[in-house]
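Enquirer: Okay, here's the structure, questions in a sec.
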Amino acid sequence: MKRFDEILHQGYSQSFEVTDVLFHEKTEHQDLVIFETPTFGRVMALDNIVQVTTKDEYVYHEMLAHVPLLAHGNAPEVLIIGGGDGGILREVLRHRKVERATMVEIDGSVVDLCRKHLPEISDGAFDDPRTDLIITDGVKFVAETDKRFDVIIVDSTDPVGPGEVLFTESFYADCKRCLTPGGVLVTQNGVPFFQAQEVTNTYQRMGKSFADTGFYTAVVPTYVGGFMTLGWGTDDETLRDVDIEVLRVRFEISSLKTRYYTPDVHRAAFALPQFILDLMTD
Ligand code: AG3
């Protein structure tokens with residue numbers, strides 16, 4: 001029987017039974033494979049690391065999109081860095097108040113192949129007139145653009161290979177420069193049980209640019225190891241603590257249909273276990 005073994009953490013890995021390989025090729029930037037599994041549906045991996053599965057993608061995409069958007073409350077301009085599969089774009093566009101979603105992805109073939117083999121992830125989002133898809137290096141984009149955004153969502157790979165530059169002090173500083181006053185930056189920050197150093201690094205590097213730097217959590221079954229940390233950077237220190245009633249009203253008005261996100265989960269996600277707090281050192 002064919003299997004896919006993820007290569008990410010030292011000495012420990014998850015292994016999928018593979019019933020069909022739909023696509024496997026090296027793109028200009030990374031090795032991309034899309035395969036079918038009995039347990040997690042379709043899976044897409046980049047450089048042997050699982051990025052998305054049709055079964056559990058909603059956790060990550062809802063939490064990385066709805067938490068900053070509903071905390072902010074009025075974000076017509078949203079920037080997505082990475083996110084080639086279109087899952088974040090889909091969730092961002094579910095907010096009617098979003099007037100434009102600018103998505104900057106370095107690897108155009110990830111977009112093309114996911115639209116072809118995983119159409120339910122983007123669910124038509126790339127055809128939305130509010131979508132502005134730019135295939136270029138996100139680092140370069142935030143360093144050069146004159147545009148300003150209310151929320152920036154970094155849906156990156158791990159800090160190995162092409163994704164590494166999206167975890168630097170200068171990248172966070174450029175994101176800050178592209179935010180409107182009181183804007184929010186959120187980032188994919190790995191699974192702290194296995195990737196502890198990432199929490200410390202991000203806390204220190206993002207902390208140079210924002211008055212409030214921290215993390216919130218989500219549990220994604222195929223990002224193994226328990227909690228995933230999602231990075232949070234903003235100069236508005238009230239945004240991590242938006243009143244539950246305010247979140248409930250915003251959520252209700254948005255008429256979002258979610259499977260993981262609720263206003264209570266939103267607030268609870270900012271409560272961090274001690275082992276994560278211990279990693280947040282200056
Ligand atoms: N990008 C984040 C993948 C993180 C995997 N890392 C890990 N398991 N530690 C996902 C792309 C989804 N749009």
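Enquirer: Which residue, V186, V249, V111, tops the fluctuation ranking in a GNM of the chain built on C-alpha contacts under 10 Å?
Expert: V249
Enquirer: Which shape class applies to the range 3-52: rounded if a/c is under 1.5, otherwise prolate when a/b exceeds b/c and oblate if not, where a ≥ b ≥ c are the square roots of the Cα gyration tensor eigenvalues?
Expert: Cα axes put the range 3-52 in the oblate bin.
Enquirer: Looking only at the chain, where both bridge partners belong to it, what percent of the DSSP beta bridges are antiparallel (to the nearest 5)?
Expert: Antiparallel bridges make up about 60 percent of those DSSP assigns within the chain.
Enquirer: Quick query: amide H of T27 versus all other amide H atoms, modeled in the peptide plane; which residues come in under 5 Å with a sequence gap of 5 or more or a different chain?
Expert: Here the answer is L32, since their amide H atoms fall under 5 Å of that of T27.
Enquirer: Does anyone have the angle between helix 169-178 and the longest principal axis of the chain? Alpha-carbon axes, 0 to 90°, nearest 10?
Expert: Taking Cα atoms only, the helix is inclined about 60 degrees.
Enquirer: Okay, next question. Could you pull the accessible area for F40 with a 1.4 Å probe, rounded to 10 Å²?
Expert: Accessible surface of F40 is approximately 50 Å².
Enquirer: Filter the trypsin sites (Lys or Arg not before Pro) in the range 157-219 to those in DSSP coil with at most 15 other Cβ atoms within 10 Å of their Cβ, and list the result.
Expert: Hits after loop and neighbour filter: K208.
Enquirer: Would you kindly state how much longer the chain becomes between Q197 and Q274 on full extension, computed as 0.36 nm times their sequence separation minus their alpha carbon distance, in nm to one decimal?
Expert: Length gained between Q197 and Q274: 26.2 nm.
Enquirer: Comparing Q14, Q51, Q188, which has the greatest mean-square fluctuation in the GNM of the chain with Cα pairs linked when under 10 Å apart?
Expert: Taking springs between Cα atoms under 10 Å, the residue moving most is Q14.
Enquirer: Once you have a ≥ b ≥ c as the square roots of the Cα gyration tensor eigenvalues for the chain, tell me rounded if a/c is under 1.5, and otherwise prolate or oblate according to whether a/b is larger than b/c.
Expert: Since a/c stays below 1.5, the shape of the chain is classed as rounded.
Enquirer: Moving on to the next point. Of the residues L256, L247, L22, which exhibits the maximal mean-square fluctuation in a Gaussian network model of the chain defined by a 10 Å Cα contact cut-off?
Expert: Highest fluctuation among the options: L22.
Enquirer: While we're looking at this one, here's another question. Just the number please: accessible area per residue for the chain, 1.4 Å probe, all protein chains included, in Å².
Expert: Roughly 43 Å² per residue, with all protein chains present.
Enquirer: Would you calculate, for the chain, the mean residue ellipticity at 222 nm contributed by helices, counting each DSSP H stretch of 4 or more residues as -39,500 (n - 2.57) and dividing by all residues, to the nearest 500?
Expert: Dividing the helical sum by the residues of the chain leaves -8500 deg cm²/dmol.
Enquirer: While we're looking at this one, here's another question. Is there a pair in K176/K208; K26/K55; K147/K176; K2/K55 whose C-alpha atoms are over 18 Å apart, and which pairs would that be?
Expert: The pairs that break the limit, which is 18 Å between Cα atoms, are K26/K55; K2/K55.
Enquirer: Taking θ = phi - 60°, what integer Hz values does the Karplus form 6.51 cos²θ - 1.76 cosθ + 1.60 yield along the range 254-267, in sequence order, with x for Gly and Pro?
Expert: Rounded to whole hertz, the list is 6, 6, 5, 9, 10, 10, 10, 5, 9, x, 5, 4, 3, 5.
Enquirer: Mind listing which trypsin sites (Lys or Arg not before Pro) in the range 35-104 are in a DSSP loop and have 16 or fewer other Cβ atoms within 10 Å?
Expert: Within the range 35-104, the qualifying trypsin sites (Lys or Arg not before Pro) (loop, at most 16 other Cβ atoms within 10 Å) are K55, R96, K97.
Enquirer: Sticking with this one: Of the GluC sites (Glu not before Pro) in the range 207-268, which ones lie in a loop per DSSP and count no more than 13 other C-beta atoms within 10 Å?
Expert: Answer in residue order: E237.
Enquirer: By a straight-distance test (C-alpha under 12 Å), which aspartates and glutamates pair with K140 as possible cross-link partners, with residues fewer than eight away in the same chain excluded?
Expert: Here the aspartates and glutamates satisfying the reach criterion relative to K140 are E105, D174.
The values are calculated or read from the model by the stated rules, or taken from the named source; none is laboratory data. All figures in this text were calculated on a predicted structure; none of them were measured in a lab. Cβ atoms come from the backbone with ideal geometry, glycine included; neighbour counts cover every protein chain shown. Remember, those area values only see protein heavy atoms, side chains included, never the ligands or the DNA or RNA. Shrake-Rupley method; radii C 1.70, N 1.55, O 1.52, S 1.80 Å.
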